[in-house]
Amino acid sequence: MAYGDYNGPDKPNKGKEGGACNRSRCQAEPALHYNHGSYSWYCADCARDIGEDAVNRRGWAQDFFPRLGHPQFETRAEIDAREAAKPPELPNIDDKIQELVAPYFYQSPGRQKPQSMSLERMLKRARRRA
């Protein structure tokens with residue numbers, strides 16, 4: 001069933017992977033193309049129509065592709081291949097620094113007392129001056 005041929009109640013699987021197409025007047029199955037803009041699944045015909053529309057194509061190319069690096073519509077296989085090729089996430093550098101430095105400056109997690117003698121002296125002087 002092509003877009004525009006249907007005018008009735010939506011199927012319960014509308015917009016879900018493998019279900020009915022998410023386009024309002026389309027109920028075609030299977031919906032195998034994920035739209036990263038609407039977070040829903042579309043049939044091949046609607047995905048092509050929406051993705052090849054000049055305004056949608058230009059908007060995605062200008063606003064989203066440079067930041068995200070993938071097309072607006074992808075199949076499950078394309079999504080899985082892209083995510084498998086993605087480098088692993090780097091750890092948060094602030095957490096790593098805190099983990100490395102904490103044993104040298106704090107005795108226990110609850111009590112933040114400097115263990116460095118020179119730091120302790122500087123803090124005492126600063127408290128006296130204040």
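Pull up the range 44-87, narrow it to residues that are of a type in the set (V, I, T) and surrounded by 10 or more Cβ atoms within 10 Å (Cβ to Cβ), then point me to the one that is farthest from C21 (Cα to Cα).
I79
Among the numbered conditions (1) of a type outside the set (S, T, Y); (2) under 22 Å from the mean Cα position of the chain (by Cα); (3) part of a helix (DSSP H, G or I); (4) modelled with pLDDT under 90, tell me where M122 comes up short.
(2)
Return the residue satisfying two criteria in turn: it lies in the range 8-30 and is farther than 19 Å from D49 by Cα and either more than 27 Å from the chain's Cα centre (by Cα) or loosely packed, with under 14 Cβ neighbours inside 10 Å (or both), and of such residues it is modelled with the lowest pLDDT.
For the range 8-30, the residue satisfying everything is G8.
The values are calculated or read from the model by the stated rules, or taken from the named source; none is laboratory data. This one's a predicted model, so the numbers in the text were calculated from it and none came from an experiment. In this analysis, Cβ positions are derived from the backbone assuming ideal geometry, glycine residues included, and neighbour counts consider all displayed protein chains.
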